[in-house]
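Engineer: One structure coming up, written as structure tokens, with questions to follow.
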Amino acid sequence: MNDLIVLLLSGPNLNLLGDRDPLIYGSDTLTHHVSEATIAAEERGLVIEHVQSNHEGELVDAIHSARGRCVGIIINPGAFTHYAWAIHDALAAFDGPIVEVHLSNPAAREPWRHTSVVAPVAAGTVAGFGGIGYRMAVRAVAELLEG
């Protein structure tokens with residue numbers, strides 16, 4: 001039986017979670033969030049494959065490698081949310097549900113954070129719920145896959 005793989009992508013500076021701006025992003029580490037997403041995925045018969053990079057091209061390459069191999073993508077693009085059109089274009093070429101996730105609520109922050117170039121190619125966005133947003137995103141992908 002083939003694994004139903006969901007690619008979980010983490011953008012720049014998310015490797016610093018737990019230390020970076022805990023009042024905004026919480027005190028949990030990226031490892032903790034990936035673990036929570038993995039547990040939620042296993043409960044739904046899915047497998048999480050995680051890639052974190054501070055480099056846009058590496059995330060684009062990961063999206064390309066997901067084509068035909070992964071059933072969905074969950075992405076926290078970090079600052080790439082607001083200007084990474086290469087990530088937008090790569091996601092647009094992916095055939096499967098895409099869910100954007102943010103720990104904080106970008107719409108409640110600085111004006112430059114209000115626009116997402118990922119949102120137009122995502123089925124939806126989970127934002128502002130802290131770490132539980134990752135579990136919510138897994139649930140959303142699973143339910144979209146179920147139809």
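Engineer: Would you mind getting me the FRET efficiency between residue 115 and residue 58? Use the beta-carbon distance for r and R0 = 22 Å, nearest 0.05.
Structural biologist: 0.45
Engineer: Using a basic spin-label model with each label point 7 Å from the Cα along Cα→Cβ, how many nm lie between residue 108 and residue 43?
Structural biologist: Taking the simple label geometry, residue 108 and residue 43 are separated by 2.4 nm.
Engineer: Looking at 52, 123, 32, which one has the Cα that reaches farthest to the positive end of the dipole of the range 5-146 (charges on Cβ: Lys, Arg +1; Asp, Glu -1)?
Structural biologist: Among 52, 123, 32, the one farthest towards the positive end of the dipole of the range 5-146 is 123.
Engineer: Still on this model: Among 96, 134, 82, flag the residue with its Cα farthest along the positive direction of the charge dipole of the chain, charges on Cβ as +1 for Lys/Arg and -1 for Asp/Glu.
Structural biologist: 82
Engineer: Can you list residues whose amide H is under 5 Å from residue 102's amide H, if they're 5+ apart or on another chain and H is modeled 1.01 Å from N?
Structural biologist: Answer set, sorted by chain and number: 126, 127, 128.
Engineer: Can you tell me how much longer the chain between residue 146 and residue 79 gets when fully stretched, taken as 0.36 nm per residue apart minus their C-alpha distance, in nm with one decimal?
Structural biologist: 21.0 nm
Engineer: What is the distance in Å between the Cα centroid of the range 11-68 and that of the range 76-94?
Structural biologist: That distance is 15 Å.
Engineer: For the chain, with only Lys/Arg (+1) and Asp/Glu (-1) charged at the beta-carbon, what is the dipole magnitude about the Cα centre, in debye rounded to 20?
Structural biologist: 220 debye
Read-outs throughout are calculated quantities, based only on the coordinates presented, and are distinct from any laboratory measurement. Values in this document were obtained by computation on a predicted structure and should not be read as measured data. Cβ sites come from the backbone with ideal geometry, for glycine too, and all protein chains shown count toward neighbours.
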